[in-house]
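Right, one structure below, let's go through it.
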Amino acid sequence: MPNYYENQFELRYFEMNKFGAASPTTILTLLEETAADHCYSINHSLYDLEKQNVGWVLLSGVIEMDRYPVYKEKITIRTWLSSYS
């Protein structure tokens, strides 16, 4: 079983800025959704984690964008587990 998870998205109109490109907020929201789906795919719903008084935390990260995707563009976001304790 791979330690990564992928989601594919087709960007929607309401996720665009006035120039027809995805906003930084949209990109961060899709990253968050993919991370939550990754957790769920390994039988750890974020809501179940809360009931157990545990959770996951992104400690650091860097986003470098060559360009922002545009309306109707299909993108793939991949998350992976690097370590846990």
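Computed from the coordinates by the stated procedures, all read-outs in this text should not be read as laboratory data. This is a predicted model, so every value here is computed, not measured. Neighbour counts run over all protein chains shown; Cβ positions are idealised from the backbone, glycine included.
Scalar couplings 3J(HN,Hα) for segment 14-29, obtained by applying the Karplus form with A = 6.51, B = -1.76, C = 1.60 to θ = phi - 60°, are 6, 8, 9, 8, 5, 9, x, 10, 5, 7, x, 4, 4, 4, 5, 5 Hz; x denotes Gly and Pro.
Rounded to the nearest 0.05, the FRET efficiency derived from the C-beta distance between GLU50 and LEU28 at R0 = 25 Å is 0.75.
Between the residues VAL70, SER45, LEU59, the greatest Cα displacement towards the positive end of the dipole of segment 1-76, with unit charges on the Cβ of Lys, Arg, Asp and Glu, is found for VAL70. Across all Cα atoms of the chain, the radius of gyration (one decimal) and Dmax (whole number) stand at 14.6, 44 Å. Charge dipole of the chain (Cα centre as origin; +1 on each Lys and Arg Cβ, -1 on each Asp and Glu Cβ, all else neutral): 180 debye, rounded to the nearest 20.
For Cα pairs less than 8 Å apart in space and 6+ apart in sequence, what is the mean separation divided by the residue count of the chain, i.e. the relative contact order in percent?
56
Straight-line reach from LYS18: which lysines have Cα under 27 Å away, leaving out those fewer than 8 places along the same chain? Cα-Cα hits under 27 Å: LYS72, LYS74.
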